[in-house]
1. Give the residues of the stretch 204-243 that are free of Cβ contacts under 8 Å to residues at least 60 places away in the same chain and either touching a helix residue (DSSP H, G or I) at 6+ places or on another chain (Cβ under 8 Å) or buried (at least 17 other Cβ atoms within 10 Å of the Cβ) (or both), sorted by residue number.
2. Would it be correct to say that Ala173 is farther than 18 Å from Leu235 by Cα and either small (Gly, Ala, Ser) or free of Cβ contacts under 8 Å to residues at least 60 places away in the same chain (or both)?
3. Among the residues of the stretch 154-203, how many are β-branched (Val, Ile, Thr) and open to solvent by 50 Å² or more (accessible area, probe 1.4 Å)?
Amino acid sequence: MRITRTPRTAPTTRRTLLRASAATAAAGVLAAGSSSVGAAPRTRSATAARPTTPAAALKELAAGNRRWRTLRQRHPHETARVRSALASGQSPFALILGCIDSRVPPELVFDQGLGDLMTVRSAGEVLDEAVLGSIAYGVLELGIPLVVVLGHQSCGAVAAAVHAEETGESLPAHIQYVADQIRPAIVHGQHGEARVDATVSAQVRLVRSRLAREADLAARVAAGELAIAGARYELGTQLVHRVG
């Protein structure tokens with residue numbers, strides 16, 4: 001995963017961000033996972049221990065995304081032996097909070113297999129109590145060391161939220177709730193498709209900052225046991241890159 005920074009355009013949120021030391025630690029983890037497309041792909045064997053640190057978890061995701069975008073997928077951990085072993089328990093090494101978009105399945109994007117990732121998906125990565133509870137379960141009960149908030153290019157939920165704000169139209173049923181949650185991230189310094197694209201990244205930052213302010217998660221971050229990273233997936237190149 002080539003880690004690149006995108007310009008910060010997210011709006012100021014109501015609550016104070018997690019202290020700078022924790023944010024710096026997460027940024028260092030992201031930098032540790034960067035790699036070039038030409039590097040030799042790496043993967044865990046079916047018997048290898050899972051990554052147990054934020055840096056190791058990110059490194060594993062980086063290698064998997066490199067395999068995916070260079071068409072060298074290995075579809076690991078699908079054998080009968082692995083399936084049998086997983087019947088008695090799980091120990092995923094990363095939690096991906098992603099969008100429901102059918103073009104961005106985390107297990108494929110990161111070339112991971114059964115038991116490797118815990119995935120939580122909601123339109124536009126929107127948080128509610130069910131999503132927060134799912135993330136807390138993965139981190140606090142299973143000891144997952146890395147949470148990635150994964151946005152993506154051409155997000156329909158973000159586009160709908162931007163359109164609703166610009167036109168004043170109400171969206172049907174519960175879709176309006178999704179738009180209302182994305183609204184604080186809308187970037188007003190851009191227009192048209194550029195506004196939607198900038199808001200995709202701003203929404204990732206907003207959700208990441210909200211997660212970082214959750215007391216139980218913040219304590220894990222401060223202790224160096226957890227990193228909460230922001231990233232986005234480009235549909236055209238299949239690259240996952242950092243949104244800082």
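The values are calculated or read from the model by the stated rules, or taken from the named source; none is laboratory data. As the structure is a prediction and not an experimental result, all values here were calculated from the model. Using ideal geometry, Cβ is built from the backbone for each residue, glycine included, and neighbour counts are taken over all protein chains shown. Surface accessibility is based on the protein's heavy atoms, side chains included, excluding ligands, DNA and RNA. Shrake-Rupley method; radii C 1.70, N 1.55, O 1.52, S 1.80 Å.
1. Initially, the stretch 204-243 is screened for residues free of Cβ contacts under 8 Å to residues at least 60 places away in the same chain, giving 208, 215, 219, 223.
Residue satisfying the conditions is Arg208 alone.
2. Taking the combined requirement at face value, the residue satisfies it.
3. Qualifying residue count, the stretch 154-203: 2.
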